[in-house]
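See structure below.
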Number of protein chains: 4
Amino acid sequence: MKYSFKNDYAEGAHPSVLEALVRSNLTQQNGYGLDEFSVNAERIIQQKMKNPKAKVFLVSGGTQANLIVISAFLRPHESVVSAATGHIFTNESGAIEATGHKVHGIENTDGKIRPADIQKLIDVHQNKPHQIKQKMVYISNSTELGTIYSKKELIDLYQFCQSRNLYLFVDGARLGHALTAESNDLTLEDFGKYTDAFYLGGTKNGALIGEAIVINNENLQEEFGFHLKQKGAMLAKGRLLGIQFEELMKDDLYFDLAKQANEQAMKIKEAFKQIGCDFLCETFTNQIFPILNQNQINQLSTNFDFYVWKKLDEEKAAVRLITSWATTNEIIEKFINEIKNLK
Amino acid sequence: MKYSFKNDYAEGAHPSVLEALVRSNLTQQNGYGLDEFSVNAERIIQQKMKNPKAKVFLVSGGTQANLIVISAFLRPHESVVSAATGHIFTNESGAIEATGHKVHGIENTDGKIRPADIQKLIDVHQNKPHQIKQKMVYISNSTELGTIYSKKELIDLYQFCQSRNLYLFVDGARLGHALTAESNDLTLEDFGKYTDAFYLGGTKNGALIGEAIVINNENLQEEFGFHLKQKGAMLAKGRLLGIQFEELMKDDLYFDLAKQANEQAMKIKEAFKQIGCDFLCETFTNQIFPILNQNQINQLSTNFDFYVWKKLDEEKAAVRLITSWATTNEIIEKFINEIKNLK
Amino acid sequence: MKYSFKNDYAEGAHPSVLEALVRSNLTQQNGYGLDEFSVNAERIIQQKMKNPKAKVFLVSGGTQANLIVISAFLRPHESVVSAATGHIFTNESGAIEATGHKVHGIENTDGKIRPADIQKLIDVHQNKPHQIKQKMVYISNSTELGTIYSKKELIDLYQFCQSRNLYLFVDGARLGHALTAESNDLTLEDFGKYTDAFYLGGTKNGALIGEAIVINNENLQEEFGFHLKQKGAMLAKGRLLGIQFEELMKDDLYFDLAKQANEQAMKIKEAFKQIGCDFLCETFTNQIFPILNQNQINQLSTNFDFYVWKKLDEEKAAVRLITSWATTNEIIEKFINEIKNLK
Amino acid sequence: MKYSFKNDYAEGAHPSVLEALVRSNLTQQNGYGLDEFSVNAERIIQQKMKNPKAKVFLVSGGTQANLIVISAFLRPHESVVSAATGHIFTNESGAIEATGHKVHGIENTDGKIRPADIQKLIDVHQNKPHQIKQKMVYISNSTELGTIYSKKELIDLYQFCQSRNLYLFVDGARLGHALTAESNDLTLEDFGKYTDAFYLGGTKNGALIGEAIVINNENLQEEFGFHLKQKGAMLAKGRLLGIQFEELMKDDLYFDLAKQANEQAMKIKEAFKQIGCDFLCETFTNQIFPILNQNQINQLSTNFDFYVWKKLDEEKAAVRLITSWATTNEIIEKFINEIKNLK
């Protein structure tokens, strides 16, 4: 069977996470997120962020996190601004609109948006109330193109949002990978300071399922539990999420796993560079987008699975390769050998 | 006081419409669209379209018509494709999204969309069910830029929609103006044949309020009344709409008024052409977009009101001028004189 | 043809209202509720209420008013409490739920609800966040059964709502009739003091269409225009509503018409009492519910139309008779004669 | 620490389920429910139901299952009928209404609804389109009161629904317990024949999380995946659900666990009967509702946790006791001893 580089959720959970589930299995716990593990996971995240006032809510997946946060924060006449490449704009089957809110998509080349882009959008929506009111900015870090925001970029965005009365919400399905990229200068603490809310993705980084929504803005914390319940996100056995996040966060396993995934991707990237390959965009996380010709794609497809991401011309296309904490050295070596043999 | 060319709804109703309201005022009628006038208006529209199976539903305004038709026709996971200049995409404060549906906006220069544009959009939404399913195409005729669709263009669009299993819905807030433009080759009958649904706008063409939604596709007619009621569009005194549409349609007053509005606009257009003016786009309906410099704008603004539509550079901008059935020859002459005096 | 007592919207508008429309027809006005008539109508209502901080928004109909107010005021996890006989609970085709909010229906015998009923409902919804949070109380005055709230009842409800952090919203589709009933002790001023919002119904009291939403609670006024637009309620020719309410309110025509309608109903009620009839509930407004046997119903149905409201047993049923400002003395005399002849 | 009889989700998963997760952990699988375990789980359920045309969709929890099924099946103007004790009516924080649909609650004493109740509701909703259209009946089995439907009752309901053009949907959060109760005469096969859709609850019967939605009605299967995605229910690692349901269903572990939970409850019930206790309703599943006086409640609360379900008078209340597959014989014996010692 081919080895898949198609995504970072092809395997189960990191063994330590499974062990934690087994270990705690028969102790009785409160339901609905009131178990001791969930409470503890919140405390650990608050401590690591140095933000004891933040509130943490554990949910099953990214689309769920996005739709609950956005619909809970916005009033009916308010919209959210995203990159046109953003997950909520293009890959959630209209989940945000289904809660009643327009998503604006800003064209871009690197998965990121800047204050000037947002200002331009606001400028052409001045005919109130005929045009909708922008109230939130949604970004992903790392982005859907594997790129990351710098500290300066995040602070600029946050200050811009503050000045325009916009919330800043970060989709962190791959926040671990962003924070452990070699080019990164942001910390978890920064996300506690320079965002209204964000989430730490577990599904793509060692957990079976789970994203930890962190709400910094105290005005937005109130009655959030109702929204979890109403959208079907409040698990009876919330312990399943609590145990996993406690295990991932308590000794930085979360960051170790992400770093390891990034390093495997960087090895592959280096191998492609060695043979003179270009990339759709320069990335330092667990997603890389080398540009290959059709022959090369065919050759690599014999033993490996991956997505052809974007046709560039008749001959060439960017492919997407994703590594995870479960990608072994053995696989990487085998793949690099095949890269070296590409014509 | 300045005379306003800002829109085509600055005055009340055509006097014949008011007279019809006065004439019928004290007869008792059934409520909720079951009055004899509404029934009669439906019959007249069916006859003029030569489509006796069409159903007609009278509502108060365009945004209301759009949101009810779209939310009644689509299932939760289906989206609608519009020009990025389309009223539903940019000028209805998120009304469509508030009913749960995504609106895709297609960039354009003339307010119109073509099959190739729609196909391109469909092509990048093939990752089902992660990406939403397109199920309807929304166009305006005349468009928000005053342009109109030719018969060939409408048929091409309809056939494309049929082949892709998409509904075609036409916002006809200014359909009267489109159908009476000198460059037009479409008829009301064509709209009964080459669309799933459309509406005839009354508000901008002689009525106090009112748009007549026409549903040709028999599968979509069923239980439509529930949607009218649920969205607050079913007037207790539906007679108010019935009387107006009966009066406008029975002797083609509707088309006479639109034609008259177009002719007044064409006189202004000719005057601008005489002084060598360019236009944002070539139009033959009651909206024109001459490109003026700031001095010219200032001069004309002394006695007349209109919108500066789009800045083109430091010096020049396109302005929007709209005429209506109520625009008198006297006003047109006065305005043309001022155009002639522009430097 | 039979004369209809089925409802109070079978005729058009009071002649003075039509005259006001004719009189102002050709003056140019701003669109979307910014016309001088709407502005003036707001000022008059503020003055009559002695509440200059109230905001007034004119819309087409009652269901529209209800759904916009409720969805604008509530957050997604909040619900509204109504009488089970309330219009929003049973007669708006799920309009409120379609905006995402649960409506609780409280059983009752007279169309009214009291603090104790609401408290009981709150008491069985204490398992937060699994059970929804009640945030608004909706009442109608006059109610769907023609009854009215006393001053003490309204103040009690408002104080209860204040103490429980609930909004109080009054559906005033027939508020004119309530305020002019002989048993009434409330004033328009009281509605400016003891409610968060209410509306003055025009459709059932002299207007062609139109309800004037009055928002007293300043926190709820903000950005309300967006909601009007998004729900399709912002008429391009808002003047249509402004002119009518200015005419109805400026010299108390609104209250004169309602009083007249009530008086006609009271004449009929007296006639039924004379022949020993019982009533479903005692009312002093323009709706009466005499209890008749099948023979009597058949007799009266020969020349008059009305609804059989509620079967009481094999033999008897309550019928509903509604009068309006347009019900003439001649009709009333004719009907009373027929009542006298009942066996 | 007290032992809790408050619910059946206080522990983790059955050990066999955890072992299956561990066993399969590092094999790569397709995401989003296309893994081999989910495919296999569907096949097993089809076989046990003898309904190869049924489709199975695995989701995280019961509220999620309810809101997705109901919003996917209904059009905007359609409502769902439930017992007033039904989970969707009272315990999901308005989840169904948040998708736009009204839920009607039918008063009852045993958690069940019958055709006559539903017909009565339909009868008072005949004023179409002002009153909403009922299109679905929702029941729970076992119910929120621990009772179950007999085969005759289910068939009667289904035939009634068929004759009235209503869908029948069964919330099976505790379907295992219903099907293994000593008084039960229904089979899984019956649920494949006499419902449009239902689900098999895993969360309360051996799984960490998971409910298996089964759609029998082929017209309702189409494009269901979009709804899962749009509501945030499509897990990237769908394997988590597939592995659990394969393990639970392949050798009837699912039914063994439910039966065991029921038996533990029956032992407690017998002990209460021995001391002459009455019950709120007679149940044969894992929920029992003995009626105790305050002294007895206090005594039992020393070492055990449970909910006081319903106050009956000053002195007496019904308490709710729930057992699960994880309730040991040792605990049962200890509890029964305490019952015997009650005064």
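When A:Lys53 is evaluated against the numbered criteria (1) in a loop (DSSP other than H, G, I, E, B); (2) facing chain D (nearest Cβ under 9 Å), which criterion, by number, is the only one it fails?
(2)
Out of C:Arg43, C:Arg75, I need the residue that is of a type in the set (Lys, Arg) and outside any helix (DSSP H, G or I). Which one?
Exactly one residue qualifies, and that residue is C:Arg75.
Determine which member of the set B:Ser93, B:Ser82 is under 19 Å from B:Tyr167 (Cβ atoms) and in contact with a helix residue (DSSP H, G or I) (Cβ under 9 Å, 6 or more places away or on another chain).
Result: B:Ser82 is the single residue among B:Ser93, B:Ser82 that is under 19 Å from B:Tyr167 (Cβ atoms) and in contact with a helix residue (DSSP H, G or I) (Cβ under 9 Å, 6 or more places away or on another chain).
Given the criteria buried (at least 21 other Cβ atoms within 10 Å of the Cβ), assigned to a loop (DSSP other than H, G, I, E, B), modelled with pLDDT of 95 or more and among the aromatic types (Phe, Trp, Tyr), does B:Tyr138 qualify?
Here the answer is no, as B:Tyr138 does not meet what is asked.
Closer than 20 Å to B:Ala95 by Cβ, hydroxyl-bearing (Ser, Thr, Tyr), more than 10 Å from chain C (Cβ to nearest Cβ) and in contact (Cβ under 8 Å) with a residue 60 or more places away in the chain: is that true of B:Tyr254 in this structure?
Criteria not met by B:Tyr254.
In this structure, is A:Gly111 small (Gly, Ala, Ser), touching a residue at least 40 places away in the same chain (Cβ under 8 Å) and out of contact with any helix residue (DSSP H, G or I) (no Cβ under 9 Å at 6 or more places or on another chain)?
Against the criterion (small (Gly, Ala, Ser), touching a residue at least 40 places away in the same chain (Cβ under 8 Å) and out of contact with any helix residue (DSSP H, G or I) (no Cβ under 9 Å at 6 or more places or on another chain)), A:Gly111 qualifies.
Out of D:Ser16, D:Ser38, D:Ser79, D:Ser93, report the one residue that is hydroxyl-bearing (Ser, Thr, Tyr) and in contact with a Phe, Trp or Tyr (Cβ under 7 Å, 6 or more places away or on another chain). Walk me through how you get there before you give the answer.
Numbers: D:Ser16 fails: in contact with a Phe, Trp or Tyr (Cβ under 7 Å, 6 or more places away or on another chain); D:Ser38 fails: in contact with a Phe, Trp or Tyr (Cβ under 7 Å, 6 or more places away or on another chain); D:Ser79 fails: in contact with a Phe, Trp or Tyr (Cβ under 7 Å, 6 or more places away or on another chain).
Unique residue meeting the criteria: D:Ser93.
Could you list, ordered by first residue, the pairs with Cβ atoms under 8 Å in which the first is in region A:123-152 and without any contact (Cβ under 8 Å) to a residue 12 or more places away in the chain and the second is among the charged types (D, E, K, R), at least 6 apart or interchain?
Sorted first by the residue in region A:123-152, then by its partner, the pairs are A:His125/A:Lys133; A:His130/B:Glu92; A:His130/C:Lys229.
Condition first: touching a strand residue (DSSP E or B) at 6+ places or on another chain (Cβ under 7 Å) and within 22 Å of C:Thr327 (Cβ to Cβ). Now tell me which residues in region C:288-302 satisfy that.
Scanning region C:288-302 gives C:Ile288, C:Phe289, C:Pro290, C:Ile291, C:Leu292, C:Ile297.
So which residues in region B:78-111 are among the polar types (S, T, N, Q), in contact with a Lys or Arg (Cβ under 6 Å, 6 or more places away or on another chain) and part of a loop (DSSP other than H, G, I, E, B), if there are any at all?
Here is the first cut: in region B:78-111, the residues among the polar types (S, T, N, Q) are B:79, B:82, B:85, B:90-91, B:93, B:99, B:108-109.
Then drop every residue that is not in contact with a Lys or Arg (Cβ under 6 Å, 6 or more places away or on another chain), which leaves B:79, B:93.
B:Ser93 - this is the single residue of region B:78-111 that is among the polar types (S, T, N, Q), in contact with a Lys or Arg (Cβ under 6 Å, 6 or more places away or on another chain) and part of a loop (DSSP other than H, G, I, E, B).
Only one of (1) over 17 Å from the mean Cα position of the chain (by Cα); (2) closer than 17 Å to C:Ile68 by Cβ; (3) among the charged types (D, E, K, R) fails for C:Glu218. Which number is that?
Among (1) over 17 Å from the mean Cα position of the chain (by Cα); (2) closer than 17 Å to C:Ile68 by Cβ; (3) among the charged types (D, E, K, R), the lone unmet condition for C:Glu218 is (2).
Take B:Tyr194 and tell me if it is among the hydroxyl-bearing types (Ser, Thr, Tyr), surrounded by fewer than 24 Cβ atoms within 10 Å (Cβ to Cβ) and either in the same structural domain as B:Gln29 (by TED's automatic domain parsing) or at pLDDT 95 or above (or both).
So B:Tyr194 passes the test.
Output yes when any residue across region A:29-50 is farther than 16 Å from A:Phe198 by Cα, out of contact with any Asp or Glu (no Cβ under 8 Å at 6 or more places or on another chain) and of a type in the set (A, V, I, L, M), and no when none is.
Yes, that holds for at least one residue.
Does at least one position in region C:187-199 carry a residue that is of a type in the set (Phe, Trp, Tyr) and outside any strand (DSSP E or B)? Show your work before the answer.
Filtering region C:187-199 for residues of a type in the set (Phe, Trp, Tyr) gives C:191, C:194, C:198-199.
Subset that is outside any strand (DSSP E or B): C:191, C:194.
Scanning region C:187-199 turns up at least one residue that is of a type in the set (Phe, Trp, Tyr) and outside any strand (DSSP E or B).
Considering only region C:91-126, how many residues are surrounded by 22 or more Cβ atoms within 10 Å (Cβ to Cβ), among the polar types (S, T, N, Q) and at negative phi?
Qualifying residue count, region C:91-126: 1.
So which of B:Glu247, B:Glu270 is surrounded by 13 or more Cβ atoms within 10 Å (Cβ to Cβ), of a type in the set (Asp, Glu) and part of a helix (DSSP H, G or I)?
After ruling out the rest, the residue left standing is B:Glu247.
Is it the case that B:Val80 is closer than 30 Å to D:Ala72 by Cβ and either away from chain C (no Cβ under 14 Å) or of a type outside the set (Gly, Ala, Ser) (or both)?
Working: closer than 30 Å to D:Ala72 by Cβ: yes; either away from chain C (no Cβ under 14 Å) or of a type outside the set (Gly, Ala, Ser) (or both): yes.
In short, yes.
Scan (1) crowded, with 22+ Cβ neighbours inside 10 Å; (2) more than 14 Å from every other protein chain (Cβ to nearest Cβ) for the single condition D:Gln159 breaks and write down its number.
(1)
Applying the selection to region C:157-183, what residues are part of a loop (DSSP other than H, G, I, E, B) and more than 27 Å from C:Asp252 (Cα to Cα)?
Of everything in region C:157-183, those that are part of a loop (DSSP other than H, G, I, E, B) and more than 27 Å from C:Asp252 (Cα to Cα) turn out to be C:Asn165, C:Leu166.
List pairs: first in region B:261-289 and under 13 Å from B:Phe335 (Cα atoms), second small (Gly, Ala, Ser), Cβ under 6 Å, 6+ apart or cross-chain?
Correct list of pairs: empty, since none qualify.
Residue by residue, here is whether (1) modelled with pLDDT of 95 or more; (2) more than 26 Å from A:Lys120 (Cα to Cα); (3) out of contact with any Lys or Arg (no Cβ under 6 Å at 6 or more places or on another chain) holds:
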| position | (1), (2), (3) |
| --- | --- |
| B:Ile275 | yes, yes, yes |
| B:Gln287 | yes, yes, yes |
| B:Leu300 | yes, yes, yes |
| B:Glu314 | no, no, yes |
| B:Ala318 | yes, no, no |
| B:Asn329 | yes, yes, yes |
| B:Ile332 | yes, yes, no |
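Do the conditions hold for D:Leu240, that is, is it within 8 Å of chain A (Cβ to nearest Cβ), within 25 Å of A:Lys237 (Cβ to Cβ) and part of a helix (DSSP H, G or I)?
Taking the combined requirement at face value, the residue satisfies it.
Looking at (1) in a helix (DSSP H, G or I); (2) not assigned by TED's automatic domain parsing to the domain that holds D:Tyr199, find the lone condition where D:Glu282 falls short.
Every condition holds for D:Glu282 apart from (1).
Yes/no matrix, rows are residues, columns are (1) of a type outside the set (Gly, Ala, Ser); (2) away from chain C (no Cβ under 11 Å); (3) within 18 Å of the chain's Cα centre (by Cα):
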position: B:Phe5; (1), (2), (3): yes, no, yes
position: B:Ala10; (1), (2), (3): no, no, yes
position: B:Ser16; (1), (2), (3): no, yes, no
position: B:Glu19; (1), (2), (3): yes, no, no
position: B:Asn25; (1), (2), (3): yes, no, no
position: B:Gly31; (1), (2), (3): no, no, no
position: B:Gln47; (1), (2), (3): yes, yes, no
position: B:Ser60; (1), (2), (3): no, no, yes
position: B:Ile68; (1), (2), (3): yes, no, yes
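Please go through region C:10-40 and pick out each residue that is under 20 Å from C:Ala233 (Cβ atoms) and not in a helix (DSSP H, G or I).
Residues satisfying the conditions are C:Ala13, C:Gln29, C:Asn30, C:Gly31, C:Tyr32, C:Gly33, C:Leu34, C:Asp35.
Please go through region D:80-117 and pick out each residue that is aliphatic (A, V, I, L, M) and either within 26 Å of C:His130 (Cα to Cα) or not assigned by TED's automatic domain parsing to the domain that holds D:Gln159 (or both).
The first filter runs over region D:80-117 and keeps only residues aliphatic (A, V, I, L, M), leaving D:80-81, D:83-84, D:88, D:95-96, D:98, D:103, D:106, D:113, D:116.
Within region D:80-117, D:Val80, D:Val81, D:Ala83, D:Ala84, D:Ile88, D:Ala95, D:Ile96, D:Ala98, D:Val103, D:Ile106, D:Ile113 meet the criteria.
Do you know which residues across region B:190-231 are within 14 Å of chain C (Cβ to nearest Cβ), in contact (Cβ under 8 Å) with a residue 60 or more places away in the chain and under 28 Å from B:Pro15 (Cα atoms)?
B:Tyr199, B:Gly201, B:Thr203, B:Lys204, B:Asn205, B:Gly206, B:Ala207, B:Leu208, B:Ile209, B:Gly210, B:Glu211, B:Ile213, listed by residue number.
The values are calculated or read from the model by the stated rules, or taken from the named source; none is laboratory data. Predicted model only: the values in this text are computed from it and were never measured. Methodologically, a virtual Cβ is constructed for each residue, glycine included, from the backbone with ideal geometry; neighbour enumeration extends over all protein chains shown.
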